[in-house]
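Trainee: Structure below; questions to follow.
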Amino acid sequence: MAEPELRPATPADAAAIVAITRELIADGGVYPHTAEMTDDELVGYWFAPKGQLVVALLDGRIAGVYLMKPQWMGRGSHVATASYAVASAARGHGVGEALGRHSIAEARRLGYRAMQFNLVVETNTAAVKLWQKLGFRILATLPGVFRHDVHGHVGAHVMFLEL
């Protein structure tokens, strides 16, 4: 398989992004969204105002996505946050790392001073390992804040990267 190609998302990508999100929701262990959310609500989440939405393509098909935006408004707007989703069929092919590296470079280019993730589920070891590989550190673990479908209430990390 080739390297992922990254490009800005367009409205035409919405169905593929929702499909990937639905996979993660069904997994029950990585995303806070629930099956009750409508497709329109999921599109509204991903295509948020003031956000930068990027898709990764493998062999011409959307394999992943990230949304980066300011963590807070006003005095905290110099800190970015981001959400990432990778299709199950694309895992292990460098899509998550490509999205992560791209978002970090874009955050720097856009003048953010740091990136902060508020809810990295501690049992999602692949994500934790990837973010640590890319320089993020765990600042805190919030106990029991995520309702995991298999493990019950588990902790979530707050992860941080100074840019």
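Trainee: I need the full set of residues from region 116-139 which are of a type outside the set (A, V, I, L, M, F, W, C) and part of a strand (DSSP E or B), in order please. Walk me through how you get there before you give the answer.
Mentor: Taking region 116-139 as the starting set, the residues that turn out to be of a type outside the set (A, V, I, L, M, F, W, C) are 116, 118, 122-125, 129, 132-133, 135, 137.
Within region 116-139, Gln116, Asn118, Arg137 qualify.
Trainee: Kindly establish whether Val65 is at pLDDT 95 or above, touching a His at 6+ places or on another chain (Cβ under 7 Å) and aliphatic (A, V, I, L, M). Lay out the reasoning, then the answer.
Mentor: Working: at pLDDT 95 or above: yes; touching a His at 6+ places or on another chain (Cβ under 7 Å): no; aliphatic (A, V, I, L, M): yes.
Spelling it out, it is not the case that Val65 is at pLDDT 95 or above, touching a His at 6+ places or on another chain (Cβ under 7 Å) and aliphatic (A, V, I, L, M).
Trainee: Also: Evaluate region 10-31: report whether one residue or more is within 23 Å of Glu122 (Cβ to Cβ), modelled with pLDDT under 95, touching a strand residue (DSSP E or B) at 6+ places or on another chain (Cβ under 7 Å) and exposed (fewer than 15 other Cβ atoms within 10 Å of the Cβ).
Mentor: Checking region 10-31: at least one residue is within 23 Å of Glu122 (Cβ to Cβ), modelled with pLDDT under 95, touching a strand residue (DSSP E or B) at 6+ places or on another chain (Cβ under 7 Å) and exposed (fewer than 15 other Cβ atoms within 10 Å of the Cβ).
Trainee: Identify all residues within region 148-163 that are of a type in the set (Asp, Glu) and outside any strand (DSSP E or B); write none if there are none.
Mentor: Within region 148-163, the first condition is being of a type in the set (Asp, Glu), and the residues that meet it are 149, 162.
Selection gives Asp149 alone.
Trainee: Taking the stated definitions as given, is Val30 in contact (Cβ under 8 Å) with a residue 40 or more places away in the chain and either hydrophobic (A, V, I, L, M, F, W, C) or within 19 Å of Phe160 (Cα to Cα) (or both)?
Mentor: On the way: in contact (Cβ under 8 Å) with a residue 40 or more places away in the chain: yes; either hydrophobic (A, V, I, L, M, F, W, C) or within 19 Å of Phe160 (Cα to Cα) (or both): yes.
Yes.
Trainee: Going residue by residue through region 84-107, is there one that turns out to be within 30 Å of His153 (Cα to Cα), of a type in the set (Asp, Glu) and under 14 Å from the mean Cα position of the chain (by Cα)?
Mentor: Yes: region 84-107 contains one or more residues that are within 30 Å of His153 (Cα to Cα), of a type in the set (Asp, Glu) and under 14 Å from the mean Cα position of the chain (by Cα).
Trainee: Is region 89-108 home to any residue that is touching a His at 6+ places or on another chain (Cβ under 9 Å) and either closer than 22 Å to Val18 by Cα or among the hydrophobic types (A, V, I, L, M, F, W, C) (or both)?
Mentor: First, pick out the residues of region 89-108 that are touching a His at 6+ places or on another chain (Cβ under 9 Å): none.
There is no residue in region 89-108 that is touching a His at 6+ places or on another chain (Cβ under 9 Å) and either closer than 22 Å to Val18 by Cα or among the hydrophobic types (A, V, I, L, M, F, W, C) (or both).
Trainee: Can you give me the number of residues within region 21-62 that are closer than 20 Å to Glu3 by Cβ and either more than 13 Å from the chain's Cα centre (by Cα) or of a type in the set (Phe, Trp, Tyr) (or both)?
Mentor: 6
Trainee: Ok, one more. Give region 85-133 a look and list any residue that's under 20 Å from Arg147 (Cβ atoms) and among the aromatic types (Phe, Trp, Tyr), or say none.
Mentor: Phe117
Trainee: As an exercise: evaluate Glu3 against (1) free of Cβ contacts under 8 Å to residues at least 60 places away in the same chain; (2) exposed (fewer than 15 other Cβ atoms within 10 Å of the Cβ) and give the number of the one condition it does not meet.
Mentor: So the condition that Glu3 fails would be (1).
Trainee: Ok, one more. Taking the stated definitions as given, is Ala63 hydrophobic (A, V, I, L, M, F, W, C) and either surrounded by fewer than 13 Cβ atoms within 10 Å (Cβ to Cβ) or on the phi > 0 side of the Ramachandran plot (or both)?
Mentor: The answer is no for Ala63.
Trainee: Quick check, is Val18 within 26 Å of His157 (Cβ to Cβ) and touching a residue at least 12 places away in the same chain (Cβ under 8 Å)? Please lay out each step first, then the result.
Mentor: Details: within 26 Å of His157 (Cβ to Cβ): no; touching a residue at least 12 places away in the same chain (Cβ under 8 Å): yes.
Answer is no for this residue.
The values are calculated or read from the model by the stated rules, or taken from the named source; none is laboratory data. Just so it is clear, the model here is predicted, and its values are computed rather than measured. Neighbour counts run over all protein chains shown; Cβ positions are idealised from the backbone, glycine included.
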